[in-house]
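Notes follow once the structure below has been shown.
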Amino acid sequence: MADDKKITTRAANYGEWYLDIVNRAGLAENSDVRGCMVIKPNGYAIWEKMQRGLDGLFKDTGHVNAYFPLFIPKSFFQKEEAMAEGFAKECAVVTHYRLRSVNGKIEVDPEAKLEEELIIRPTSETIIWNTYKSWIQSYRDLPLLINQWANVVRWEMRTRLFLRTAEFLWQEGHTAHATGKEAEEETLRMVRVYQKFAEEWMAMPVLVGPKSEGQKFPGAVYTLCIEAMMQDGRALQAGTSHFLGQNFAKAFDVEFTTEEGKREHAWATSWGVSTRLIGGLIMTHSDDNGLVVPPRLAPIHVVICPLGKSEAERKPCVEAAEKLAQAIRELPRDDFYGYQPIVVKIDNDTKNMPGHRFAEWELRGVPVRVELGPKDMEKNACVLARRDIPGKEGKTMGVPMAEAPAKIDALLRDIQKNLFERAKKFRDGAMRTANSYDEFKKLIEEPGFIWAHWDGTRETEDKIQEETKATIRCIPFDGPTESGTCMVTGKPSAKRVVFARAY
RNA sequence: CGAGCUGUAGCUCAGCUUGGUAGAGCGCUUGGUUCGGGACCAAGAGGUCGCAGGUUCAAAUCCUGUCAGCUCGACCA
């Protein structure tokens, strides 16, 4: 019965633990629509924070937002062969545009069949490049730096809340450039933006570098990624940035006149991150007491719990809570908080025991909790509890009320820093090196990433995946540069790459 | 899409083998006692047993179909 209140521990069952967090923290639930989730207010609030942070970074790097259609005519979709093939097996298709009522039953009207089927976008390169054709005439129209916030559909068989659902929310940047060099610079710039967001907002350390040929986006020349390690040692692709070369410009006939008066195809990039980041956030920081959210993404930064067993005892606590909340809201705003006020909530629950209330707020991941009881009133002080250190160890007693707002501000910044450092230490501690295929096979059974030499071929990568279920997650830019020989074929290898089992 | 398992109260599940008209715990409501780490007592509300057929005097229970979910495989942000 007491166990009913606790969530499954990570050690007992990591998958159950994840589901418990998503449920109990009110982030999302499965809907009655196959493969589709409902994102609940607490989860959506995190997404809104992510959107705000990312959107600011996109604007800072010169991008603007626009919106393109959900439906893509099949003929557009077909034009870039590699991409069409890559997504063919997971597309939802609209074939009719009308229903009719027959004997009180609604059915698809066979008279209303579309002449050309519409694909629900799995990604928008085709519809966007079809549009760019008319927007790009001259080198003066370039670069074109556009982002869209949208939903996309990829018809997945097996889904997991946030990590893989048939419909998900994301942003997709689609840029056009006059030269390949510029487009490549953009590809790199945006993966670095993702790295910055992951590390500084999400407090989630990531590896940055190209994907292998086998793991890249269909239609791309190459794909750069940020790759994160979850607490169970598995990898999560958290964001990708693609150099598309002139593939889409050629497919959609997007030509412009250069300064020299020559006609040339435009160069392209695309890049995206999705609500999957929320799954990554959960599996990077949360613990057996529930969700842990870094302050920069927390929907609520501070919760104040007035205590007291009688109305007479509680009243001064509530008044002090309101005063404190106001003082916190009036703290100077800066970039750390996105120039927004700190969000403070007063917990007016009079029904449940204090311990129950504390546990509930920990479950929901609020970074700082303030406890205000009769004993604090006597001393004109309060108790601060930090979520990154659960239970009594994370509490500071007797903080004078006058100092509390500044202490809370400092605490929030410290939690943000601590979460990143803790996650980085964990990640670095689970990075191993394998020097032979036998050693690799042994190591891959343990959680974590593995540095290993690989000959650069698709065949070897496929063989490794088939035999060990591990894939090449990333070829990190700042990894060791030592050369060696492929652990499988013995052929030369310029540098080690990172293998892992992935979500 | 292949294999296995599961659908009964808001949630977790018992009941099904051997058909007889619906149960528990948690949660919820009300009252009382509690209250600085997940309190307790009492009363109460809440279910077309996933859905559709079939067998039967009678189906949560047996049979057929169907839908959904979970686990494992192939695919993916």
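The values are calculated or read from the model by the stated rules, or taken from the named source; none is laboratory data. For clarity, every value in this text was computed on a predicted model and none was experimentally measured. Cβ coordinates were reconstructed from backbone atoms using ideal geometry, including for glycine residues, and neighbour counts include every protein chain displayed. Accessible surface is based on the protein model in full, side chains and every heavy atom, while ligands, DNA and RNA are left aside. Shrake-Rupley method; radii C 1.70, N 1.55, O 1.52, S 1.80 Å.
Every residue in the stretch A:354-391 that is within 6 Å of RNA strand B (Cβ to nearest atom) and farther than 24 Å from A:Leu297 by Cα, please.
So in the stretch A:354-391, the residues within 6 Å of RNA strand B (Cβ to nearest atom) come out as A:354-356, A:358-360, A:362-363, A:371, A:373-376, A:383, A:385, A:391.
Result: A:Pro354, A:Gly355, A:His356, A:Gly373, A:Pro374, A:Lys375, A:Asp376.
Scanning the stretch A:491-503 for residues that are open to solvent by less than 20 Å² (accessible area, probe 1.4 Å) and either within 16 Å of RNA strand B (Cβ to nearest atom) or without any contact (Cβ under 8 Å) to a residue 24 or more places away in the chain (or both) yields A:Val498, A:Phe499, A:Ala500. Suppose the filter is open to solvent by less than 30 Å² (accessible area, probe 1.4 Å), away from RNA strand B (no atom under 16 Å from the Cβ), closer than 23 Å to A:His242 by Cα and not charged (D, E, K, R); does A:Ile128 pass it? When the stated conditions are applied, A:Ile128 passes them. For the stretch A:207-231, filtered to residues that are over 17 Å from the mean Cα position of the chain (by Cα) and part of a loop (DSSP other than H, G, I, E, B), the residue that is nearest to RNA strand B (Cβ to nearest atom) is A:Phe217. May I ask you to say which residue of A:Glu29, A:Glu85, A:Glu81 is out of contact with any Phe, Trp or Tyr (no Cβ under 6 Å at 6 or more places or on another chain) and within 10 Å of RNA strand B (Cβ to nearest atom)? Criteria check complete, one pass: A:Glu29. Would you pick out the residues in the stretch A:163-176 that are more than 7 Å from RNA strand B (Cβ to nearest atom) and crowded, with 21+ Cβ neighbours inside 10 Å? If the condition is that a residue be more than 7 Å from RNA strand B (Cβ to nearest atom) and crowded, with 21+ Cβ neighbours inside 10 Å, then A:Glu172, A:Gly173, A:His174, A:Thr175, A:Ala176 are the ones that fit.
Given the structure, is A:Lys74 touching a residue at least 24 places away in the same chain (Cβ under 8 Å) and not hydrophobic (A, V, I, L, M, F, W, C)?
On the way: touching a residue at least 24 places away in the same chain (Cβ under 8 Å): yes; not hydrophobic (A, V, I, L, M, F, W, C): yes.
Answer is yes for this residue.
Does A:Thr284 qualify as being β-branched (Val, Ile, Thr), open to solvent by 10 Å² or more (accessible area, probe 1.4 Å) and away from RNA strand B (no atom under 16 Å from the Cβ)? Working first, answer last.
Working: β-branched (Val, Ile, Thr): yes; open to solvent by 10 Å² or more (accessible area, probe 1.4 Å): yes; away from RNA strand B (no atom under 16 Å from the Cβ): no.
Against the criterion (β-branched (Val, Ile, Thr), open to solvent by 10 Å² or more (accessible area, probe 1.4 Å) and away from RNA strand B (no atom under 16 Å from the Cβ)), A:Thr284 does not qualify.
Pairing residues of the stretch A:11-38 that are closer than 30 Å to A:Cys91 by Cβ with residues that are among the small types (Gly, Ala, Ser) and away from RNA strand B (no atom under 11 Å from the Cβ), at Cβ distances under 9 Å and at least 6 apart in sequence or on separate chains, gives A:Tyr18/A:Ser286; A:Val22/A:Ala28; A:Val22/A:Gly43; A:Leu27/A:Gly43; A:Ala28/A:Gly43; A:Met37/A:Ala28; A:Met37/A:Gly43; A:Val38/A:Ala28. Residues considered: A:Cys305, A:Cys317. Of these, the only one that is touching a residue at least 40 places away in the same chain (Cβ under 8 Å), part of a helix (DSSP H, G or I) and surrounded by 13 or more Cβ atoms within 10 Å (Cβ to Cβ) is A:Cys317.
Can A:Val488 be described as in a strand (DSSP E or B) and either more than 15 Å from RNA strand B (Cβ to nearest atom) or among the aromatic types (Phe, Trp, Tyr) (or both)?
Details: in a strand (DSSP E or B): no; either more than 15 Å from RNA strand B (Cβ to nearest atom) or among the aromatic types (Phe, Trp, Tyr) (or both): yes.
For A:Val488, the condition - in a strand (DSSP E or B) and either more than 15 Å from RNA strand B (Cβ to nearest atom) or among the aromatic types (Phe, Trp, Tyr) (or both) - is not met.
Please find, within the stretch A:392-411, the residue that is farthest from the chain's Cα centre (by Cα) out of those that are more than 9 Å from RNA strand B (Cβ to nearest atom) and open to solvent by less than 10 Å² (accessible area, probe 1.4 Å). Here the answer is A:Val399. If you go through the stretch A:346-355 one residue at a time, do you hit one that is among the aliphatic types (A, V, I, L, M), over 12 Å from A:Ala320 (Cβ atoms) and not in a strand (DSSP E or B)? So far as the stretch A:346-355 goes, yes, one or more of its residues are among the aliphatic types (A, V, I, L, M), over 12 Å from A:Ala320 (Cβ atoms) and not in a strand (DSSP E or B). Any residue at all in the stretch A:457-467 that is in a loop (DSSP other than H, G, I, E, B) and charged (D, E, K, R)? No, because not a single residue in the stretch A:457-467 is in a loop (DSSP other than H, G, I, E, B) and charged (D, E, K, R). Kindly indicate whether A:Trp155 is among the aromatic types (Phe, Trp, Tyr), open to solvent by 10 Å² or more (accessible area, probe 1.4 Å), at negative phi and under 13 Å from the mean Cα position of the chain (by Cα). No; evaluated as a whole, the condition is false for this residue.
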